[in-house]
Structures are given as structure tokens and as C-alpha cells.
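The values are calculated or read from the model by the stated rules, or taken from the named source; none is laboratory data. On a predicted model such as this, the values are computed, not experimentally measured, just so you know. Here the Cβ positions follow ideal geometry from the backbone for every residue, glycine too, while neighbour counts run over all protein chains shown. The protein model used for the area step is the full one, side chains on, heavy atoms only, and it has no ligands, DNA or RNA in it. Shrake-Rupley method; radii C 1.70, N 1.55, O 1.52, S 1.80 Å.
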Amino acid sequence: MPNKYDVIVVGAGHAGCEAAVVSARMGSSTLLVTMNLALVAQMSCNPAMGGIAKGQIVREIDALGGMSGIVTDHSMIQFRMLNRSKGPAMWSPRAQCDKTAFSLFWRHVLESTPNLHLRQDTVTSLLFENDAVVGVQTQLGQSIYAHRVILTNGAASGCKN
């Protein structure tokens, strides 16, 4: 695997997967680094996409050509429109997904996207040159360089799987 990319995305949660796919689709050689490839786009304890706030974000991502809505369509087991007793401005879509199917479909999308490479490792620090980020250092001792580094580390979930 090369050690120089146009873009490095750190973290393969929902934001990292979207960022990596968009970057690669724009023609940039992209590396997505995650601590565990088996947990790509892992859903929380309540495996839902949508709801009052997230439903709006998923719609906006979908309108911009993102994959979250498509992956949800391929892995959902139930769909509801929330707040139907209120006016249409308050209606909000929510899809319950099969957690495993959601993660596996995202993995398929990532692996089949041209210009996108996956690496299982832990980023331990950023590499700087003249006060600019030029890459990442990994736990396995790799120095990987890029023109841009996108951090989507997210937050640890409180659920136990």
C-alpha cells in the first residue's frame, strides 16, 4: 500500500464513510483508516437512521449524493413517519435497520469505490510540516502522508454489543 494519498480520512463511522466516498468520487486518492474494519459504520444500540434531527441530515446528505440513505434502504427492517399527528413540517422519517446488514453494505460500498483504500490501524498522531498537517502516524509505526486529513473520530458509544 502506498504511503502518500490526496486525502486521509480517520474514522469509519457514518461521517467518515461519507467523507471517504465523496473524496474518492471527486477523483482524489483516498485512504480510510479505522481501528477495526469489522466495525465499519457500526450502528448504536438503537439502530435507526432518521428521526427529528437526524432525518433532516440524512435527507440533506442524500440530496448531495451521499450514501447513508441508500445504505439504509438496503438494510432497513421497519420504516415510520414520526409526528404524523402534527403538521407536515414536523413529520420526520425514521428507519430501523439491521445493524449487521447496514455495516456490511457500507463495507461493500467502500470496497467497491474506485480511488478508495481501506486500512485497519490506529492513528496516534498527526504529522506537521511548517504548521500544516501533512499526514498521520499510526500505531503500527507507519507514516502516511496526504494533502488533506479529515478527522471523523466520533465518540465512543455507551452501548455494549
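The table below lists the values:
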item: Residue 69 being under 23 Å from residue 25 (Cα atoms) and not in a helix (DSSP H, G or I); result: no
item: Pairs where the first residue, in the range 117-146, is part of a strand (DSSP E or B) and open to solvent by less than 40 Å² (accessible area, probe 1.4 Å) and the second is at pLDDT below 95 and not basic (Lys, Arg), C-beta under 6 Å, 6+ apart; result: 144/3
item: Where a residue in the range 27-38 is over 16 Å from residue 106 (Cβ atoms) and its partner, wherever it lies, is charged (D, E, K, R) and at pLDDT 95 or above, with Cβ under 7 Å and at least six apart; result: 28/6; 29/6; 31/119
item: Those residues of the range 94-114 which are farther than 30 Å from residue 83 by Cβ and either assigned to a strand (DSSP E or B) or in contact (Cβ under 8 Å) with a residue 40 or more places away in the chain (or both), in sequence order; result: 107, 109, 110, 113, 114
item: Given (1) modelled with pLDDT of 90 or more; (2) over 30 Å from residue 26 (Cα atoms); (3) crowded, with 18+ Cβ neighbours inside 10 Å, index of the condition residue 85 fails; result: (3)
item: Criterion (at pLDDT below 95 and open to solvent by 70 Å² or more (accessible area, probe 1.4 Å)) met by exactly one of 61, 52; result: 52
